[in-house]
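**Student:** Below is one structure. I have some questions about it.
A short reminder: the numbers here are calculations on the coordinates, not readings from a lab. Computed from a predicted structure; not experimentally measured. When we count neighbours, we look across all protein chains shown, and the Cβ atoms used for this are built from the backbone with ideal geometry, even at glycine.
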Amino acid sequence: MFCSQRIMLPMWQITRKTGAKTLPAVRLSTRAFPNTVGVRSLCTSPAFRNIVKSDVADQEQPTGNLVNTVFENVTKWGSKTAVECSVTGRNYTYNQLLDYISKWAGFLINLGMQKGDVMAIYMPNCPEYPIALLGAISIGIIPTPINPKYTAEEFVKQVSDSKAQVLVGDPGVETAIIEGINRYKKPLHIVMNGPTKVPGALNMLDILSDATIPHADTVQVKNEDIVMLPYSSGTTGPPKGVVLSHGAFSINIHMCMHNYFCLTEEATDSSQEAYVGLLPFYHVSGVLCQMMAGFYKGAKVVTMAQMEPNNFVDTISNHKVGILHLVPPLINFVLHSPLATAEKLASVRVIPVGAAPVYPSAVEALRQKLKRNVFFQELYGMTEILIASMVPADQEKIGTSGKLLPNVTAKIIDTATGDLLPSSSTGEICLKSPATMTGYFNNDEATSATVDKDGWVHTGDVGFFDEEGYMKIVDRTKELIKVKGLQVSPSELEEILRQHPQVLDVGVVGIPHERSGEVPRAYVVTKSKISADDIHSFLDNRVAPHKKLSGGVVFVDELPKTNTGKILRKDLKKMAMG
């Protein structure tokens with residue numbers, strides 16, 4: 001695939017250094033997925049009653065290195081821009097990107113890295129991120145992406161837990177890196193993406209321009225070999241390493257890119273899609289939905305290290321972005337910012353949304369602002385199973401997570417008993433997919449709590465399937481409020497309260513109550529000053545008595561949220577208990 005000088009690499013048995021322990025070669029499930037079309041309807045045999053399948057026939061499993069899958073069509077658009085910095089304009093064509101990927105791979109080999117070793121990436125989104133990530137993957141080295149907002153203590157914890165031997169950092173986080181390596185006090189090769197004050201660190205840009213470093217071809221791998229080690233809290237608990245395979249990522253790209261779902265147009269001599277690369281590359285939403293899926297279709301990925309309103313809007317306008325990936329906080333920005341005008345966003349035709357549900361009222365308001373019918377494409381995924389569902393390309397249904405991707409199977413179980421329920425009933429959503437993680441790194445207990453013996457991933461999300469096969473997420477199993485034994489959905493109350501003309505955002509949690517067990521409390525961000533009585537009156541005739549805000553209304557300036565827009569209810573609960 002690559003040009004210039006080459007090193008042909010041997011295959012190594014994949015093992016991981018973990019002190020006294022070794023993580024063995026990993027293996028994906030070999031269960032067959034029936035090749036059927038139009039099988040959204042429930043299976044009728046007793047053993048599979050209420051098991052939901054995709055409308056689409058299963059996709060064939062790609063084999064080999066993930067890098068080859070990502071760039072399998074690259075010869076069609078080698079001279080087009082692959083990635084560009086939204087601030088500096090620094091960019092690489094697809095041909096240059098491939099060349100630098102192989103150069104970075106050659107550097108890692110010269111450094112003594114071998115297949116199965118781990119490399120940490122502690123950078124915000126930038127044009128060099130895919131070089132570091134895919135260069136490592138191409139030769140079987142396992143990247144573990146780290147949130148660039150992590151403190152020194154947090155990033156060192158991930159480096160230590162993953163047993164990383166190389167750290168690729170950014171000058172913007174060099175203070176944390178210096179503090180971290182002083183704490184870590186173990187051997188660690190450090191490469192920074194530019195000039196730096198980090199002692200002993202190399203400059204990545206110098207490495208990529210060094211003609212003495214040989215290039216390296218991709219190595220052969222098995223589908224079950226580890227490709228990446230991101231960290232996730234999973235359904236509950238502290239962050240854990242998620243062991244993902246080459247096969248899982250490769251098949252998930254093909255699943256997402258099926259023309260029943262995919263709205264990204266493949267690059268041609270006269271046209272090329274552009275993505276705003278703002279969703280973080282350390283997260284599945286950024287690395288899979290933007291970086292890898294974008295490269296697979298020949299799109300230009302314009303990176304943003306952080307959200308800056310003027311730059312965000314100008315990037316959309318200047319690059320004529322047609323498919324604008326958003327999360328709820330960004331939808332809120334586009335809806336309310338005077339910078340995000342209909343003229344500036346005139347090129348946008350599709351808005352894919354993940355991380356949290358989109359409310360119909362927000363969609364309608366945004367369409368009115370943009371003065372046209374932009375297509376909203378909601379999707380559902382998690383690090384442990386990658387992308388599992390998506391709104392079909394011509395069947396928008398606001399407020400749902402779409403339909404199951406090919407190769408994905410689902411069922412609904414009772415949150416208390418675990419019994420199988422009809423798919424139209426509300427319960428915990430369980431999924432089965434060839435893109436499922438192999439497990440949590442060195443944590444069998446957490447793995448078995450998430451993936452059962454039959455291969456079902458227990459998502460921790462509560463929801464149901466409607467009569468057309470659309471998946472609707474209601475809440476998290478741990479977030480349902482129990483009022484006198486009755487379940488109250490925080491997201492249901494939030495959706496209603498957001499319809500109040502003066503409510504900008506809201507988060508609902510349960511607080512302890514002597515007689516009721518728990519009662520709902522709302523934390524509200526408003527556009528202008530209103531009273532708690534206004535909120536209570538608005539809700540009065542809209543919900544049953546047990547759903548009313550008996551725990552009170554608290555006005556706040558902002559809600560605690562993750563980078564992808566999910567409300568951090570545990571932080572709201574801490575505020576309530578505080």
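**Student:** Please give the direction-averaged projected area of the C-alpha convex hull for the stretch 479-577, in square nanometres with one decimal.
**Tutor:** On the way: hull surface 24.2 nm².
Projected over every direction and averaged, the Cα hull of the stretch 479-577 covers 6.1 nm².
**Student:** Still on this structure: With all distinct Cα pairs included, what does the Kirkwood hydrodynamic radius of the chain come out to in Å, to one decimal, could you say? Please list the in-between numbers first.
**Tutor:** Numbers: mean 1/r = 0.0403 Å⁻¹.
About 24.8 Å, per the Kirkwood formula over Cα pairs.
**Student:** Let me check against my output: what whole-number percent is the relative contact order of the chain, with C-alpha pairs under 8 Å and at least 6 apart?
**Tutor:** Values: 1246 pairs, mean separation 72.5, N = 578.
After rounding, I find 13 percent.
**Student:** Follow-up question, since we're still on this one. Determine, for Trp104, Trp456, Trp77, the number of other Cβ atoms within 10 Å of each Cβ, and report the residues in order from fewest to most. Don't jump to the answer; show the numbers that get you there.
**Tutor:** Values: Trp104 29, Trp456 17, Trp77 22.
In order of increasing Cβ crowding within 10 Å: Trp456, Trp77, Trp104.
**Student:** Check the straight Cα-Cα distances from Lys222 and name the lysines below 20 Å, setting aside those fewer than 8 residues away within the same chain.
**Tutor:** Output for Lys222: Lys17, Lys115.
**Student:** List the chymotrypsin sites (Phe, Trp or Tyr not before Pro) within the stretch 504-574 that DSSP assigns to loop and that have no more than 16 neighbouring Cβ atoms inside 10 Å.
**Tutor:** On the way: sites: Tyr523, Phe538, Phe555; in loops: none.
Answer in residue order: no site qualifies.
**Student:** Return the loop-located GluC sites (Glu not before Pro) in the stretch 457-488 (DSSP other than H, G, I, E, B) with at most 14 other Cβ atoms within 10 Å of their own Cβ; answer none if there are none. Mind dumping the intermediate values first?
**Tutor:** On the way: sites: Glu467, Glu468, Glu479; in loops: Glu467, Glu468, Glu479.
Listed in order of number, the matching sites are Glu467, Glu468.
**Student:** Write down, largest first, the equivalent ellipsoid semi-axes of the stretch 213-369 in whole Å, where each equals the square root of 5 times an eigenvalue of the alpha-carbon gyration tensor. Walk me through the numbers on the way to the answer.
**Tutor:** On the way: eigenvalues 177, 84, 46 Å².
The three semi-axes for the stretch 213-369 are 30, 20, 15 Å.
**Student:** For n ≥ 4 DSSP H runs only, could you compute -39500 (n - 2.57) per run for the chain, divide by its residues and tell me the 222 nm figure to the nearest 500?
**Tutor:** Values: 15 runs with 138 residues, N = 578.
After summing the helix terms and dividing by residue count, I get -7000 deg cm²/dmol.
**Student:** Out of the stretch 251-301, which GluC sites (Glu not before Pro) are coil in DSSP terms and have no more than 14 other C-beta atoms within 10 Å?
**Tutor:** Glu265
**Student:** Still on this structure: Stick to Cα atoms and the Kirkwood definition of Rh, then tell me Rg/Rh for the stretch 117-219. Can you show the working numbers first?
**Tutor:** On the way: Rg = 13.0 Å, Rh = 13.8 Å.
Rg/Rh for the stretch 117-219 comes to 0.94.
**Student:** Give the order of Arg542, Arg569 when sorted by the count of other beta carbons within 10 angstrom, beginning with the fewest.
**Tutor:** Values: Arg542 12, Arg569 21.
By the 10 Å Cβ count, ascending, the order reads Arg542, Arg569.
**Student:** Around Phe375, under 13 Å between beta carbons, what's the net of Lys plus Arg minus Asp minus Glu among the other residues?
**Tutor:** On the way: positive: Arg349, Arg367, Arg372, Lys397; negative: Glu378, Asp394, Glu396.
Local charge sum for Phe375: +1.
**Student:** Cut-off under 21 Å on the C-alpha distance; same-chain residues fewer than 8 positions from Lys197 excluded. Which lysines are left, in chain and number order?
**Tutor:** Lys149, Lys185, Lys186
**Student:** With a ≥ b ≥ c the root eigenvalues of the C-alpha gyration tensor of the stretch 148-303, is it rounded (a/c under 1.5), prolate (a/b larger than b/c) or oblate?
**Tutor:** Numbers: a/c = 1.84, a/b = 1.43, b/c = 1.29.
It comes out prolate by the Cα gyration axes.
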